[in-house]
Amino acid sequence: MKHRALNIVCCIFTLMSLMCLAAACVNEDEYDDTPQGNLEALWKIIDEHYCFFDYKQHAYGLDWQEVHARYARQVSEGMTQKQLFEVLCNMLAELRDGHVNLSAPHDFGRYWSWAEDYPANVSDTLLRRYMGTDYKIAAGLDYTILDDNIGYMRYESFAQGIGEGNLDEALLHMILCRGLIIDIRGNGGGDLTNAEKLAARFCNEKTLVGYRQHKTGRGHSDFSPMEARYLEPSSNIRWQKPVVVLTNRQVFSAANEFTLYMKALPGVKVVGDQTGGGAGMPFSSSLPCGWSVRFSAVPMYDVDRQPTEFGIAPDYRVDLTDDDFRRGRDTLIEFARQLLAR
């Protein structure tokens, strides 16, 4: 049987998720199902289990105690469920984390400024021009060969599964290409296994890709020592030519992890904007009113032991320009083609 290192990690994360869920759920006898009780329960869950407090206090001065005092004054017994939901979502937004969400029957609270506040740097109109109409489709992967003999792969979401046979066929189709562009712009994540499966096709030996920690206590700084994370090479067809990965701010979660893997591999360059981040593995808990909260509980780091929560910088920062757009050119794809032609 084949057991790659990151597949094992995913299983560990699943187990820890169940453990964390049990630990993070509030005691129903401790907090009443009132506006104040739900705020206190939510604040405590995050206070004891969220994993980026130290980092975010250093990055932008987050003071979770001050946040509690400020938002506690905004709840009252006479407020409606929708008013309470708005207050709680605003409180969670202080964390500036796209993996922190509050779910209620009427709405889904989210923080998407990690992408919304930045240029998209991708255009469906331009992608259709480059892809044409006769591109190949292998499960969640679209691919073609550009007119300069450069391979082009487009993976829009790691929530779309892909098999080893799909990858074999795609790589064989482009085997005579000079290089390969992997475009994950707009990929908001999904199944980490799909990200690892694709990255393993560009890995020739067991490679250190980063580190992780686990929460060991209720204090903001209670973590296990850093544990190394490795990517194992695929036992199927592996690509041996230069690769360029295209990213933008909408690259998040599992796609952020894919970028982390690829940056650690020789022969790979990342072009575009910094990724959106979302590096912490998300777990869930619930409030007395039944609403569900999801939050980051396992921090991830790159090979230099730097947090990847706020995104991963590209090797080459390139933006889609208005002039290129008017000319029907994708600035990032053209820059990648120049790199691969060297």
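Restricting ALA170, ALA199, ALA139 to residues that are more than 19 Å from THR275 (Cβ to Cβ) and either modelled with pLDDT of 95 or more or touching an Asp or Glu at 6+ places or on another chain (Cβ under 6 Å) (or both) narrows the list to ALA170.
What number of residues in region 292-312 are at pLDDT 95 or above, within 30 Å of LYS82 (Cα to Cα) and crowded, with 21+ Cβ neighbours inside 10 Å? Residues meeting the conditions: 1. Of the strands (runs of 3 or more DSSP E) contained entirely in region 105-167, not one carries at least 3 residues that are under 25 Å from the mean Cα position of the chain (by Cα), among the β-branched types (Val, Ile, Thr) and surrounded by fewer than 18 Cβ atoms within 10 Å (Cβ to Cβ). If you go through region 253-291 and pick out every residue that is open to solvent by 20 Å² or more (accessible area, probe 1.4 Å) and farther than 30 Å from TYR31 by Cα, you end up with 7. Enumerate the pairs (first residue in region 65-80 and charged (D, E, K, R) and open to solvent by 40 Å² or more (accessible area, probe 1.4 Å); second residue anywhere and part of a helix (DSSP H, G or I) and at pLDDT 95 or above) with beta-carbon separation below 8 Å, excluding pairs fewer than 6 apart on the same chain, so at least 6 apart or on different chains. Every condition considered, the pairs that remain are GLU77/PRO35; GLU77/GLN36.
Just one of GLY272, GLY277 is at pLDDT below 95 and not charged (D, E, K, R); which is it?
GLY277
Looking for whichever is within 24 Å of VAL271 (Cα to Cα) and among the basic types (Lys, Arg) here; the options are ARG73, ARG129, ARG110, ARG96. Which one fits? Step through it out loud before you land on a result.
Details: ARG73 fails: within 24 Å of VAL271 (Cα to Cα); ARG110 fails: within 24 Å of VAL271 (Cα to Cα); ARG96 fails: within 24 Å of VAL271 (Cα to Cα).
On inspection, the qualifying residue turns out to be ARG129.
If you go through region 84-104 and pick out every residue that is acidic (Asp, Glu), out of contact with any strand residue (DSSP E or B) (no Cβ under 8 Å at 6 or more places or on another chain) and open to solvent by less than 20 Å² (accessible area, probe 1.4 Å), you end up with 0.
Looking only at region 101-119, filter to residues that are among the hydrophobic types (A, V, I, L, M, F, W, C) and at pLDDT below 95; which one of those is nearest to SER292 (Cα to Cα)?
In the first step, residues of region 101-119 are kept if they are among the hydrophobic types (A, V, I, L, M, F, W, C); the result is 102, 104, 108, 112, 114-115.
The next check asks that each one be at pLDDT below 95; those that pass are 112, 114-115.
Numbers: TRP112: 18, TRP114: 22, ALA115: 23 Å.
Only one residue tops the list, namely TRP112.
Contact map, region 235-248: first residue within 19 Å of THR259 (Cβ to Cβ), second residue part of a loop (DSSP other than H, G, I, E, B) and charged (D, E, K, R), Cβ cut-off under 8 Å, separation 6 or more or different chains; pairs are PRO242/ARG178; LEU246/ARG185; THR247/ARG185; THR247/ASP273; ASN248/ARG185; ASN248/ASP273. Counting only residues that are open to solvent by 10 Å² or more (accessible area, probe 1.4 Å) and either in a helix (DSSP H, G or I) or modelled with pLDDT of 95 or more (or both), how many does region 180-190 have? Total meeting the criteria: 1.
Residue count for region 52-86, restricted to those that are closer than 16 Å to PHE108 by Cβ and either modelled with pLDDT under 95 or not aromatic (Phe, Trp, Tyr) (or both): 4.
The values are calculated or read from the model by the stated rules, or taken from the named source; none is laboratory data. These numbers come from a predicted model, not from an experiment. Virtual Cβ from ideal backbone geometry, glycine too; neighbours counted across all protein chains shown. These accessible areas exclude ligands, DNA and RNA; they are computed on the full protein's heavy atoms, side chains included. Shrake-Rupley method; radii C 1.70, N 1.55, O 1.52, S 1.80 Å.
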